[in-house]
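For reference, the structure is listed below as structure tokens.
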């Protein structure tokens, strides 16, 4: 999964747990900054206003493409934001708000680690047979292209049962190829579809779309 650091001592336990749950549904593995070295690589760093020295250090140690998010109370948004901040979110932002923000910032729940696992996974599935692997890759590309199109059509039609079914199918491919972040987003779409929560589904689908497009591009680079 992609990695997020929730930095600083400013968070209450409840705030940190609630945020971690929302981020996990987006395919993010969350850690407190105290659990890792401040210079460890991360895909996302989240800090809380007002910033502590630890949070400021965490921001300075992470540069793009790492996303750096600031969360604060609605009435306490600073007049001037640190230049290192990519976006501001309200405390206790729901999954829809977080997903829309991440999509707007270009976040893709398909990490470099996911891409690196593709070749070993395909080799294991095909016993190292290059011809069988080529056939499997072609099948995966066709199937997931069709399933993604069907998912988008289901969302346009607000057919959440069909959306759940398509997300489940895509999740099967992602799980087979060890794409952990993509699996997490598919699961979140499934859960929201079961609840008939169209707002959450439609907020998550752009993230999944980008992940599948990244997956298909990675499959195209698998050697013959």
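Roughly how far apart, in whole Å, are the Cα centres of region 104-164 and region 21-100? Cα centroid to Cα centroid, the span is 29 Å. Across region 112-219, Cα pairs under 8 Å and at least six residues apart give a relative contact order of 30 percent.
When the helix-only estimate is applied to the chain (DSSP H runs of n ≥ 4, each -39,500 (n - 2.57), divided by the residue count), what is the mean residue ellipticity at 222 nm, nearest 500 deg cm²/dmol? It lands at -18500 deg cm²/dmol. If you line up the long axis of helix 130-156 against the longest principal axis of the chain, both from Cα atoms, how many degrees apart are they, to the nearest 10? Between helix and principal axis, roughly 60 degrees.
Can you give me the angle between helix 198-219 and the longest principal axis of the chain, using Cα atoms only, in degrees from 0 to 90, rounded to the nearest 10? Once rounded, one gets 60 degrees. If you sort the three axes of the alpha carbon gyration tensor as a ≥ b ≥ c, you get a/c under 1.5 for region 2-104, which makes it rounded. Here the Gaussian network model covers the chain, with springs between Cα atoms less than 10 Å apart; of 75, 106, 128, 75 fluctuates the most.
Normalised by the number of residues in region 2-104, the average gap of Cα pairs under 8 Å and 6 or more apart makes the relative contact order 29 percent.
The value of relative contact order for the chain, using C-alpha pairs under 8 Å at least six residues apart, is 22 percent.
Take the Cβ-Cβ distance between residue 222 and residue 162 as r, set R0 to 22 Å, and report the resulting FRET efficiency rounded to the nearest 0.05.
So the FRET efficiency works out to roughly 0.15.
Look at the Cα gyration tensor of the chain: its axes a ≥ b ≥ c give a/c of at least 1.5 with a/b at or below b/c, and that counts as oblate. The angle between the Cα long axis of helix 160-176 and the longest principal axis of the Cα atoms of the chain comes to about 80 degrees, rounded to the nearest 10.
Computed from the coordinates by the stated procedures, all read-outs in this text should not be read as laboratory data. A quick note: this is a predicted structure, and the numbers were derived from the prediction, not measured. Cβ atoms come from the backbone with ideal geometry, glycine included; neighbour counts cover every protein chain shown.
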